[in-house]
Amino acid sequence: MRTCLRFTLLVFITGALTATLHAQPDRISPRIDSGRTVVLAGHVPPRARPEFDQGPVARSFPMQAVTVYLKPTTNQQTSLQQLLAGQQDPSSADYHKWLTPEQYADRFGVSQNDVNRIGAWLQSQGLQVQRVARSRTWIEFSGTAQQVGNALHTQIHQYLENGQLHYANSTDPSIPAALSDIVLGLRGLSNYRLKPRSRVSGL
């Protein structure tokens, strides 16, 4: 019985040490200043052209499933590439050793504190956090067009193209400068869909 208890304790301690070893450091300062912002370039859909602009949507227009994607550090990206290569290499100790989302989060995601800070900032802007990836690589939120526009310093407009009405952000969004090193980009500010590439005749 004692041997079993000692073994269980050893497994628990080993697991705790492993989690601590891979735990990611915080990258966001405790205070996020919404008054100091940086622009996320390249976020206006190419089809959201001025000649199609019908003006802002209603302030109460619902914006669902807007997603903020979080980027890894350079070291995390390098380690991830090494792991992916090792998982496919029969001679590697990582061969076919797949990670759970939680294990991935501890090694390649952002820290839980940083997720909490981003979530708290979104809520302070009147937005609702809907989901957080188990891998801690994205956060999904929702709100009205006015709330989203105010938080991201942009406007959501309607665009009429070929008889179809779309919505999209009319300018590139901005985020607090404190988040600039951790936010990769945003998705869900428009309902434009990527057009499939044209097929080459004869293929």
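The values are calculated or read from the model by the stated rules, or taken from the named source; none is laboratory data. Source: prediction; values computed, not measured. Here the Cβ positions follow ideal geometry from the backbone for every residue, glycine too, while neighbour counts run over all protein chains shown. Each accessible area value is taken on the protein alone, full model and side chains, heavy atoms only, with ligands, DNA and RNA left out. Shrake-Rupley method; radii C 1.70, N 1.55, O 1.52, S 1.80 Å.
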query: Out of the residues in region 108-145 that are part of a loop (DSSP other than H, G, I, E, B) and touching a helix residue (DSSP H, G or I) at 6+ places or on another chain (Cβ under 7 Å), which is most open to solvent (accessible area, probe 1.4 Å)?
result: Arg134
query: Is there any pair with a first residue in region 75-102 that is closer than 23 Å to Val115 by Cα and a second that is outside any helix (DSSP H, G or I) and open to solvent by 90 Å² or more (accessible area, probe 1.4 Å) whose Cβ atoms are under 8 Å apart and which are 6 or more apart or on different chains, and what are they?
result: Pro101/Arg134; Glu102/Arg134
message: Can you find, within region 56-75, the residue that is modelled with the lowest pLDDT among those that are open to solvent by less than 60 Å² (accessible area, probe 1.4 Å) and not in a loop (DSSP other than H, G, I, E, B)?
response: Ala65
field: Some residue of region 149-167 being of a type in the set (A, V, I, L, M) and under 27 Å from Asp26 (Cα atoms)
entry: yes
query: Do you know which residues across region 76-107 are within 17 Å of Asp26 (Cα to Cα), open to solvent by less than 50 Å² (accessible area, probe 1.4 Å) and in contact with a Ser or Thr (Cβ under 7 Å, 6 or more places away or on another chain)?
result: Ala105
message: Just to be sure before I move on: is Asp53 out of contact with any Leu (no Cβ under 8 Å at 6 or more places or on another chain) and at pLDDT 95 or above in the structure I sent?
response: yes
- request: Filter region 146-164 for residues that are of a type in the set (A, V, I, L, M), open to solvent by 10 Å² or more (accessible area, probe 1.4 Å) and in a helix (DSSP H, G or I) and give the result.
  value: none
task: Name every residue in region 165-185 that is of a type in the set (A, V, I, L, M, F, W, C), open to solvent by 30 Å² or more (accessible area, probe 1.4 Å) and under 15 Å from Ala48 (Cβ atoms), in order of residue number.
output: Leu165
- line: Per the filter on region 165-182, residues assigned to a loop (DSSP other than H, G, I, E, B), within 15 Å of Pro46 (Cβ to Cβ) and under 19 Å from the mean Cα position of the chain (by Cα) are Asp172
